[in-house]
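Please read the structure below before turning to the comments.
The values are calculated or read from the model by the stated rules, or taken from the named source; none is laboratory data. Predicted model only: the values in this text are computed from it and were never measured. Here Cβ is always computed from backbone atoms with ideal geometry, including for glycine, and neighbour counts include all displayed protein chains.
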Amino acid sequence: MSRFIQRLEKNIEKLEKRMEKEQQKIDSLREKCECKKITKAQFNIKKRHCEENIKTMSSRMRVLQGGITREKRHLEEKAEEKQKKKEKKEKKKKKKEE
């Protein structure tokens, strides 16, 4: 696998971890709200901000996953072209031998 694909996968993992942290923030905010440390309005504002962050990170993740599929397809096409060239060479060799 190419380094480019590995780098994209590493970035996806980082985004997943950040999304989990944002989800944990929402959970802790919910607990604070239930314990009456913050008001319901403050909770909703902060929760909305965290959800927006999660949404942007998930869209970035989808873009990176699309990049991975495009790169894999590109590598497959390159391998197919290489195989075709190899087959042509072999055919030419056989013709010369005959």
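Please identify the pairs in which a residue from the stretch 63-75 that is small (Gly, Ala, Ser) has its Cβ atom under 9 Å from the Cβ atom of a residue that is in a helix (DSSP H, G or I), counting only partners at least 6 apart or on another chain.
67/4; 67/5; 67/8
Within the set of pairs 6+ apart or on separate chains, which have a first residue in the stretch 7-36 that is in contact (Cβ under 8 Å) with a residue 60 or more places away in the chain, a second that is outside any helix (DSSP H, G or I), and C-beta atoms under 8 Å apart?
Listed pairs, sorted by first residue: none to list.
For residue 88, which of the numbered conditions (1) charged (D, E, K, R); (2) without any contact (Cβ under 8 Å) to a residue 40 or more places away in the chain; (3) within 26 Å of residue 6 (Cβ to Cβ) fails to hold?
All conditions are met except number (3).
Quick one: would you say residue 82 is loosely packed, with under 15 Cβ neighbours inside 10 Å, closer than 30 Å to residue 2 by Cα and under 25 Å from the mean Cα position of the chain (by Cα)?
no
So which residues in the stretch 30-70 are of a type in the set (A, V, I, L, M, F, W, C) and either in a helix (DSSP H, G or I) or at pLDDT 95 or above (or both)?
Passing the criteria: 33, 41, 43, 45, 50, 54, 57, 61, 63, 64, 68.
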